[in-house]
Amino acid sequence: MTSYSDEIFAILAKNIKKYRMQAGYSQINLGLKLGKSADYIAQIERGFRTPTLKSLCDIAKVLNVEPYELLKFDE
């Protein structure tokens, strides 16, 4: 059984990847903009790592979206 938090983290991973691609960034480019490694971005997008709230806000700012949009479920 999947927990609610697991579902949220899966949505977060999917949305970061979606908005990153819409912005035309590779994982390397996004990592460079954030001062993080491409591996860090890849781990988030694969659900192996959860960003801190600060990192979530930084990612949203670089991707030009509101932080809540990274957590929003698309129907």
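The values are calculated or read from the model by the stated rules, or taken from the named source; none is laboratory data. All of these numbers come straight from a predicted model, not from anything done at the bench. These area figures cover heavy atoms from the full protein model, side chains too; ligands, DNA and RNA do not enter into them. Shrake-Rupley method; radii C 1.70, N 1.55, O 1.52, S 1.80 Å.
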Using 0.36 nm per residue of separation minus the Cα-Cα distance, give me the extension gain between D6 and T50 in nm, one decimal.
-> 14.8 nm
Checked region 15-75 with the C-alpha gyration tensor, a ≥ b ≥ c its square-rooted eigenvalues, rounded below a/c of 1.5, otherwise prolate if a/b is larger than b/c and oblate if not; verdict rounded
Helix 4-22: angle to the longest alpha-carbon principal axis of the chain, degrees 0 to 90, nearest 10?
-> 30 degrees
Take the solvent-accessible surface of the protein heavy atoms, probe 1.4 Å, and return the percent of it on the chain that carbon and sulfur atoms account for.
-> 55 percent
Using amide H atoms built 1.01 Å from N in the peptide plane, name the residues 5+ places from K36, or on other chains, whose amide H lies under 5 Å from its own.
-> none
Sequence-separation-based contact order of the chain, relative, with Cα cut under 8 Å and 6+ spacing, percent | 37 percent
Using a 1.4 angstrom probe with every protein chain in place, what is the largest-first accessible-area order of Y68, Y4, Y25, Y40?
-> Y4, Y68, Y25, Y40
Residues with amide H under 5 Å of T50's amide H, sequence separation 5 or more or different chain, H placed in the peptide plane at 1.01 Å from N; which?
-> none
